[in-house]
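Okay, so here's the structure we're looking at.
The values are calculated or read from the model by the stated rules, or taken from the named source; none is laboratory data. As the structure is a prediction and not an experimental result, all values here were calculated from the model. Glycine also receives a Cβ, built like all others from the backbone with ideal geometry; neighbour counts cover every protein chain displayed. SASA here: full protein model, heavy atoms, side chains in, ligands and nucleic acids out. Shrake-Rupley method; radii C 1.70, N 1.55, O 1.52, S 1.80 Å.
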Amino acid sequence: MSEQPGPARPPHKTDTDNIAERIEEATRSMELRDPDEGLPLADRLVNRLVEIVGVSVLVAIVAVIFTNAVSRYALNYSFSWAEEMVQMAMPWLAMTGVFLSVRRGTMIRIDYFFDKIPYRFQGAVARFGYAVNVVVLGAMAWVSLDFVRLFGGDVALYVQIPTGWSTSALVFGAAGAAMAYLAEFYREWRDRGRVAGDGDNRR
Amino acid sequence: MTSQLGALVALLLLCGLLVLRVPMLIAIAGAVFLNFYLSGAWALTLPQTMMSGLGRFVLIALPLFVLAGGLMNAGGISARLFEFARAIVGALRGGLAHVNVVTSMFFGGMIGSSTADLAGTGSIVIPSMKANKYPADFAAALTASSAGIGPMIPPSSPMILYSAVTGVSLGALFLAGVIPGLLLGLSQMLIVAWLARRRGWLPYSAFSLGEVWRSGKRAILSFGLPVIIVGGLVIGVFTPSEAGAFAVAYALLLSMLVHRTLSLKGLYRVLVNAVQLSGELLIIVGLSFALGAGLTNAHVPDFLVRMIDYVVVVDSEYLRILALMVLAILAGMILDPLIPVLLPIIMPTLLAFDIDLVHFGVLMVIAVVIGQVTPPMAIALIIAGRIANVDQIRVLRANMPFFWGIIAFLLVAIAVPGLATWLPDMMRD
């Protein structure tokens, strides 16, 4: 740490190296880039379909909450079903997000210890990880299905639709994520040269 | 098998799976399943508790704040914030380093997550600091540490998670984070000033009131977002989710109609990012309720209370909080997100010791920030090190002044609860 920073900038000369503009460009491109670029068409279609479901749910949640708040202040009237509807939509928002995270390899995980494992064992550990992922998510889908079968017929108080419409998100989300891991596992097995999970870009 | 042994085996499984790089969500779900199985609990308790966790109304604010932050980011606020920060502090010794810290403080008021600030702003600021002949490891360390200010300043994702788990008012938590967040930024600027004086770093730009005015005018609309959120919550106009919806509307208006920097296609991508970023966190919160319930049945919180009483020999609330913070920091070195995983476990302990939950909430967020710069996880250091193309050990070493700075800050925040509680108390009165 012995280097000295360069001379002071001349007075009033702003941003000669355009840092501000480059920061804007970097943050915007990070936010706006398409994570599926270069993927096969089938993969893109699956992801796009789930994206549309998730985005529709999020837009609906924002619209309902916003409209309800405006109506409460402007018209002194609030929709009794608003809160319940938003709560029922949350599992769909969460599970579509999880599915997309699995597909795009952005699930939160710790790479530190894995990187310490000798390279020749990393493949086996990664395959074990895939097996755990599939089994746990499969079990989650299974018990959620039981849950929907038992309680899914209960009708929500204000929205007046069966709660199964909401809780079934756990079944579809967990089963979908399990299948996504299974597909990834198959791909890794097929391309056994590289260490599994290399495509993931987060911990 | 006793429920205690079941809980122990489940916790060991959780750690083992995390070590083997199994995703956090799946590791928690696996531990919950095992705990239920070993303790003979009904497996359907898992979806039931998950749904009850997901149903917490304050949690709805999380995707909305993430979306509002994404809209602001994509709408191009970063250049405006950076220019304003440069106009204010660029003339100090080590000006670019000060600008880095102040930009993070501004970003904290918009985004609520440190990684967005780090990956976006850091990707340009770190190379620029290198180009201005700051040591690369210092540039990475400073950017990693200053990104940690974000979660302290409202709107803050960790605070939403804390509020969802503990039931503490989100408005009070947001207010409680303001002074510590600003002081944390100030403490980092003091460290930069000390290093700049020792190493003879020069200012980045000259100070000009005209430039402050010009850049301030360009940035001022961006500051409307935290004002809407915190103001709305504090005055009681909005519930947390309504504050989130209005923040989204404001950010949308700003980026699509005022700045005209966001297209419909861009809007779609921001929405997808918000779904993806918040989905996993929401499920982790739901699962952690199930984990917490299982561990509570196994009397793990009672054990924790006894352990703290054993370790802390004198009757001092501060020492008990300190003991809990040591636990949180150790957990935070491995767990991310820390709050939804740890809080359901230690919540009964907090209640047993009658600890102020607003004060503790701010301390927990500091623990989260410490975890981001402490190995083995040290996600902030890893990202910054990669951007700077510097070995992580070097970044870790260069970060030492900031690390000890935040530890000292934590100790002060423990000893002086008023730093966190004064503002919410005042607003309540």
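Considering the protein assembly as shown at the alpha-carbon level, its Rg and Dmax are found to be 23.9, 74 Å. A 1.4 Å probe, protein heavy atoms only, puts the accessible area of B:Trp404 near 150 Å². Treating the angle as unsigned and between 0 and 90°, give the value, to the nearest 10°, between the Cα long axis of helix B:61-74 and the longest Cα principal axis of chain B. Relative to chain B, helix B:61-74 is tipped by roughly 20 degrees.
With a simple spin-label model that places each label point 7 Å from the Cα along the Cα-to-Cβ direction, the separation between B:Ile235 and B:Leu330 comes to 4.7 nm.
For segment B:9-78 and segment A:82-130, write down the distance between their C-alpha centroids in whole Å. Each part reduced to its Cα centre gives a spacing of 10 Å. Relative to the current alpha-carbon distance between A:Arg187 and A:Ser29, full extension at 0.36 nm per residue lengthens the span by 54.0 nm. Which of rounded, prolate or oblate describes segment B:45-112 when judged by the alpha-carbon gyration tensor and an a/c cut-off of 1.5? Cα axes put segment B:45-112 in the prolate bin.
Provide the FRET efficiency to the nearest 0.05 for the A:Val135-A:Ala42 pair, computing r from the beta carbons and using R0 = 25 Å. Efficiency computed from Cβ-Cβ geometry: 0.45. Stretching the chain fully between B:Leu319 and B:Ser208 yields a gain of 35.2 nm (0.36 nm per residue, less the alpha carbon separation). Calculated FRET efficiency, A:Asn18 to B:Val311, Cβ-Cβ distance, R0 = 45 Å: about 0.25 to the nearest 0.05.
With both labels modelled 7 Å from their Cα along Cα-to-Cβ, the A:Tyr77 to B:Lys217 distance reads 4.4 nm.
Every pair of different Cα atoms in segment B:61-205 enters the Kirkwood calculation, which places the hydrodynamic radius at 15.4 Å.
Estimated from helical segments only, the mean residue ellipticity of chain A at 222 nm is -23500 deg cm²/dmol, where each DSSP H run of four or more residues counts as -39500 (n - 2.57).
Rolling a 1.4 angstrom probe over segment A:47-199 with all protein chains present gives an accessible area of which 67% lies on carbon and sulfur atoms. Relative to the dominant Cα principal axis of chain B, helix B:224-235 is inclined by about 40°. The value for chain B of Rg(Cα) / (2.2 N^0.38 Å) is 0.98. Histogrammed with a bin width of 5 Å, the alpha carbon distances of segment A:126-186 distribute as 4, 21, 22, 17, 12, 10, 7, 4, 2, 0 percent, first bin at zero.
Using helices alone, what [θ] at 222 nm do you get for chain B, with -39,500 (n - 2.57) per DSSP H run of 4 or more residues, divided over all residues and rounded to the nearest 500? Taken over chain B, the calculation gives -24500 deg cm²/dmol. Taking only protein heavy atoms into account and a 1.4 Å probe, give the accessible area per residue of chain B in Å². With the other protein chains kept in place, chain B gives 33 Å² per residue.
Using equal-weight Cα scatterers in the Debye expression, the normalised intensity of segment B:248-306 in log10 at q = 0.24, 0.30 Å⁻¹ is -0.94, -1.08. Give, as ranges by residue number, the residues of segment B:134-156 whose backbone N falls under 19 Å from the point 7 Å along Cα→Cβ of B:Arg198. Backbone N within reach: B:134-146. Accessible surface buried by the B/A pair amounts to about 8200 Å², both sides summed, 1.4 Å probe. The share of Cα pairs per 5 Å bin across segment B:4-120, counted from zero up to the longest distance, runs 2, 10, 13, 11, 11, 10, 10, 9, 9, 7, 4, 2, 1, 0 percent. Our compactness index for segment B:181-227, the C-alpha radius of gyration over the empirical 2.2 N^0.38 Å, is 1.53. Solvent-accessible area of B:Lys133, all protein chains in place: 110 Å² (probe radius 1.4 Å, heavy atoms, ligands and nucleic acids excluded).
Counting only alpha carbon atoms, the long axis of helix B:418-428 and the longest principal axis of chain B meet at about 90°.
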